[in-house]
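**Q** Mind having a look at this structure? Questions to follow.
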């Protein structure tokens with residue numbers, strides 16, 4: 001357990017090259033909560049704007065970057081057309097939160113580390129950030145929390161909501177953990193689950209993101225109240241796979257299986273190649 005604070009908890013937020021829509025919602029939740037003081041936000045990237053975003057996606061995903069970005073833009077447009085007032089309201093409310101964010105080429109640079117120390121954060125939070133080193137994630141007094149959209153330790157690595165559905169699991173997991181030098185191996189603070197059933201991937205992912213933001217906020221408040229309980233992950237038994245980014249073949253097999261109503265893949269397909277990093 002942690003020590004209770006008699007004031008708002010000071011948060012430093014670590015992100016990737018840009019904030020996705022779900023991250024913007026989460027940042028806004030933090031900024032508006034009376035018991036949270038968002039003191040600094042860091043994005044690791046080479047710039048801002050659509051051009052930099054597309055370049056980053058291309059570097060990570062290759063040719064898949066174009067349809068991924070296109071889908072994001074279409075989704076944002078559909079959301080705006082369906083809920084224009086709510087979308088404009090979120091954009092207005094998020095301005096103050098986003099004003100504390102800066103983009104830096106390397107979050108581990110000496111000057112950045114000094115800037116984080118100067119902010120005197122109580123807690124770090126990660127949402128979509130690159131893998132952080134101990135010299136950064138250990139600066140906050142209570143360490144750093146991270147959200148993993150997957151059940152840990154069973155599903156570690158990348159795109160684990162996809163792999164949970166690919167393997168015919170009944171639910172998709174969310175894990176809030178205290179970050180350590182491993183990959184999705186930290187002590188668990190809170191867990192959540194979303195029932196899959198006959199839902200499509202898009203709906204499951206939206207529900208996972210929505211629930212994830214809520215329990216992440218509760219985990220942060222647990223730390224502030226001094227009621228957070230950190231549970232070590234199970235390490236006994238066979239080595240767990242580290243899931244990778246699904247390839248085109250994986251996606252085609254997944255969609256064909258879902259359309260055919262098949263819930264589980266063949267046993268030989270249940271352990272995809274391991275990924276070197278998240």
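**Q** Is there a residue in the range 182-196 that is under 26 Å from residue 39 (Cβ atoms) and touching a helix residue (DSSP H, G or I) at 6+ places or on another chain (Cβ under 8 Å)?
**A** Looking for residues that are under 26 Å from residue 39 (Cβ atoms) and touching a helix residue (DSSP H, G or I) at 6+ places or on another chain (Cβ under 8 Å), one finds at least one in the range 182-196, hence yes.
**Q** Another question, if that's okay. Name the residue, out of 93, 156, that is farther than 23 Å from residue 228 by Cβ and in contact (Cβ under 8 Å) with a residue 40 or more places away in the chain.
**A** On the way: 156 fails: farther than 23 Å from residue 228 by Cβ.
Checking each option against the conditions leaves just 93.
**Q** Based on this model, can you work out whether residue 144 counts as crowded, with 21+ Cβ neighbours inside 10 Å, touching a residue at least 12 places away in the same chain (Cβ under 8 Å), touching a strand residue (DSSP E or B) at 6+ places or on another chain (Cβ under 6 Å) and over 20 Å from residue 239 (Cβ atoms)? Even if it seems obvious, please write down each step before you answer.
**A** On the way: crowded, with 21+ Cβ neighbours inside 10 Å: yes; touching a residue at least 12 places away in the same chain (Cβ under 8 Å): yes; touching a strand residue (DSSP E or B) at 6+ places or on another chain (Cβ under 6 Å): yes; over 20 Å from residue 239 (Cβ atoms): yes.
Against the criterion (crowded, with 21+ Cβ neighbours inside 10 Å, touching a residue at least 12 places away in the same chain (Cβ under 8 Å), touching a strand residue (DSSP E or B) at 6+ places or on another chain (Cβ under 6 Å) and over 20 Å from residue 239 (Cβ atoms)), residue 144 qualifies.
**Q** Which condition does residue 125 not pass, out of (1) modelled with pLDDT of 95 or more; (2) under 27 Å from residue 248 (Cα atoms), if it passes all the others?
**A** (2)
**Q** Out of the range 117-136, which residues are within 23 Å of residue 225 (Cα to Cα), in contact (Cβ under 8 Å) with a residue 60 or more places away in the chain and not in a loop (DSSP other than H, G, I, E, B)? Quick ask: steps written out before the conclusion?
**A** Taking the range 117-136 first, the residues within 23 Å of residue 225 (Cα to Cα) are 117, 119-127.
Retained after the next criterion (residues that are in contact (Cβ under 8 Å) with a residue 60 or more places away in the chain): 119-127.
The answer is 119, 123, 124, 125, 126.
**Q** Kindly indicate the residue of the range 169-212 that is touching a residue at least 60 places away in the same chain (Cβ under 8 Å) and under 23 Å from residue 136 (Cα atoms) and also surrounded by the most Cβ atoms within 10 Å (Cβ to Cβ) among those meeting that condition.
**A** The selected residue is 184.
**Q** Taking the residues in the range 160-180 that are within 12 Å of the chain's Cα centre (by Cα) and part of a strand (DSSP E or B) as candidates, determine which candidate is farthest from residue 209 (Cα to Cα). Working first, answer last.
**A** At the first step, the residues of the range 160-180 found to be within 12 Å of the chain's Cα centre (by Cα) are 160-161, 174-177.
Now narrow it down to the ones that are part of a strand (DSSP E or B): 174-177.
Working: 174: 9, 175: 12, 176: 12, 177: 16 Å.
Filtering the range 160-180 for residues that are within 12 Å of the chain's Cα centre (by Cα) and part of a strand (DSSP E or B), the one farthest from residue 209 (Cα to Cα) comes out as 177.
**Q** Across the range 241-261, which residue is surrounded by the fewest Cβ atoms within 10 Å (Cβ to Cβ) among those that are in contact with a helix residue (DSSP H, G or I) (Cβ under 6 Å, 6 or more places away or on another chain) and not in a loop (DSSP other than H, G, I, E, B)? Let's see the steps before the verdict.
**A** Of the residues in the range 241-261, the ones in contact with a helix residue (DSSP H, G or I) (Cβ under 6 Å, 6 or more places away or on another chain) are 243, 246, 254.
If we keep only those that are not in a loop (DSSP other than H, G, I, E, B) too, we end up with 243, 254.
Values: 243: 25, 254: 18.
Looking at the filtered set, the residue picked out is 254.
**Q** Something else about it: Of the residues in the range 25-53, how many are modelled with pLDDT of 65 or more, surrounded by 14 or more Cβ atoms within 10 Å (Cβ to Cβ) and closer than 27 Å to residue 244 by Cβ?
**A** Total meeting the criteria: 5.
The values are calculated or read from the model by the stated rules, or taken from the named source; none is laboratory data. Note that the structure is predicted; figures quoted are calculated from it, not measured. All Cβ positions, even for glycine, are placed from backbone atoms using ideal geometry, and neighbour counts span all protein chains on display.
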